[in-house]
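Visitor: Take a look at the following structure, please.
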Ligand SMILES: C[S@@+](CC[C@H](N)C(=O)[O-])C[C@H]1O[C@@H](n2cnc3c(N)ncnc32)[C@H](O)[C@@H]1O
């Protein structure tokens, strides 16, 4: 589930690219592969366990991974000429103030790249992906993590323009004709639920989880599963 290429940046040469909430670097790689060159790459990520995967999967001669909450991170240098935030708008507490910090950090010719899943006009197979995501978000919230349901396209665009960015290029990948019928999707739901029961609920499945599991399995058998619509925006200050 990822935009594969960012056409707008193919001729750009960046000094320092920072991927905020980089996870294991899936989107970091897309940016590196889409532009002409980058001198230095930094991934910032709350979850330290992502470090190994990030350093293994992202290939770059000058690569760094910082394990820190972005809201506590003080940028020691500025300006920065490329910053991205992928699949993470809905993961970050205080996103509006982060966007305002990013706009101050960006160099005059710098780019901010947002990549986010959205919840508009979903096909039945995409509604199953949304319901699975909402279940994961609910469990994360019950255990103290900030993880909200995904935003609409209007909300995402409103956040970007509200922070003061200018959108130079944007695109929407609808993914609405996909309906993946692979039985592995059912296995994935069951494995996820059983792991949560062991990890968080002392081996006893709560009612809400049993009900969500049953409903999801039924709906996935009926309509399949599909990635959500994805929105990409390349922005300047
Ligand atoms: C869905 S993942 C996206 C990972 C990656 N950007 C990608 O596109 O594959 C969201 C990531 O945001 C990270 N995250 C959430 N809140 C954060 C914060 N306050 N500071 C840094 N990272 C954060 C999570 O740990 C998680 O790895």
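Visitor: Got a sec? Which of 4, 52 is outside any loop (DSSP other than H, G, I, E, B), away from the ligand (no atom under 11 Å from the Cβ) and surrounded by fewer than 18 Cβ atoms within 10 Å (Cβ to Cβ)? Full working, then the answer.
Guide: Values: 4 fails: outside any loop (DSSP other than H, G, I, E, B).
Going through 4, 52 in turn, just one is outside any loop (DSSP other than H, G, I, E, B), away from the ligand (no atom under 11 Å from the Cβ) and surrounded by fewer than 18 Cβ atoms within 10 Å (Cβ to Cβ): 52.
Visitor: Here's a follow-up. Go over the candidates 164, 110 one by one and state the one that is at positive phi and modelled with pLDDT of 95 or more.
Guide: Matching residue, one of 164, 110: 164.
Visitor: Hey, another quick one. For residues in segment 68-83 being farther than 22 Å from residue 145 by Cα and in contact with a helix residue (DSSP H, G or I) (Cβ under 8 Å, 6 or more places away or on another chain), which is surrounded by the most Cβ atoms within 10 Å (Cβ to Cβ)?
Guide: The residue in question is 83.
Visitor: Tell me yes or no: at least one residue of segment 95-105 is within 9 Å of the ligand (Cβ to nearest atom) and either at pLDDT 95 or above or out of contact with any helix residue (DSSP H, G or I) (no Cβ under 7 Å at 6 or more places or on another chain) (or both).
Guide: yes
Visitor: Just the residues that are part of a loop (DSSP other than H, G, I, E, B) and either more than 16 Å from the ligand (Cβ to nearest atom) or touching a strand residue (DSSP E or B) at 6+ places or on another chain (Cβ under 7 Å) (or both), please, taken from segment 7-24.
Guide: Of everything in segment 7-24, those that are part of a loop (DSSP other than H, G, I, E, B) and either more than 16 Å from the ligand (Cβ to nearest atom) or touching a strand residue (DSSP E or B) at 6+ places or on another chain (Cβ under 7 Å) (or both) turn out to be 10, 11, 12, 21, 22, 23.
Visitor: Quick check: anything in segment 25-42 within 9 Å of the ligand (Cβ to nearest atom), more than 25 Å from residue 236 (Cβ to Cβ) and part of a loop (DSSP other than H, G, I, E, B)?
Guide: no
Visitor: All but one of (1) touching a strand residue (DSSP E or B) at 6+ places or on another chain (Cβ under 8 Å); (2) part of a helix (DSSP H, G or I) hold for residue 140; which doesn't?
Guide: (1)
Visitor: Identify, from the list 43, 23, the residue that is crowded, with 19+ Cβ neighbours inside 10 Å, at positive phi and either out of contact with any helix residue (DSSP H, G or I) (no Cβ under 7 Å at 6 or more places or on another chain) or at pLDDT 95 or above (or both).
Guide: Just a single option satisfies the conditions, and that option is 23.
Visitor: Separate question: Can you name every residue in segment 55-101 that is more than 15 Å from the chain's Cα centre (by Cα), in a strand (DSSP E or B) and either closer than 23 Å to residue 136 by Cβ or without any contact (Cβ under 8 Å) to a residue 24 or more places away in the chain (or both)?
Guide: 63, 67
Visitor: Only one of (1) more than 19 Å from residue 175 (Cβ to Cβ); (2) over 14 Å from the mean Cα position of the chain (by Cα); (3) surrounded by 17 or more Cβ atoms within 10 Å (Cβ to Cβ) is not met by residue 132, so which one is it?
Guide: With respect to (1) more than 19 Å from residue 175 (Cβ to Cβ); (2) over 14 Å from the mean Cα position of the chain (by Cα); (3) surrounded by 17 or more Cβ atoms within 10 Å (Cβ to Cβ), residue 132 is out only on (1).
Visitor: Something else about it: Of the residues in segment 209-237, how many are out of contact with any helix residue (DSSP H, G or I) (no Cβ under 7 Å at 6 or more places or on another chain), over 30 Å from residue 169 (Cα atoms) and in contact (Cβ under 8 Å) with a residue 60 or more places away in the chain?
Guide: Here the count works out to 2.
Visitor: Separate question: For segment 195-220, how many residues are surrounded by 14 or more Cβ atoms within 10 Å (Cβ to Cβ) and under 24 Å from residue 125 (Cα atoms)?
Guide: 8
Visitor: Identify all residues within segment 143-191 that are out of contact with any strand residue (DSSP E or B) (no Cβ under 8 Å at 6 or more places or on another chain), closer than 17 Å to residue 221 by Cα and surrounded by 14 or more Cβ atoms within 10 Å (Cβ to Cβ); write none if there are none.
Guide: Result: 178, 186, 188, 189.
The values are calculated or read from the model by the stated rules, or taken from the named source; none is laboratory data. Because the structure is a prediction, the values reported are computed rather than measured. When we count neighbours, we look across all protein chains shown, and the Cβ atoms used for this are built from the backbone with ideal geometry, even at glycine.
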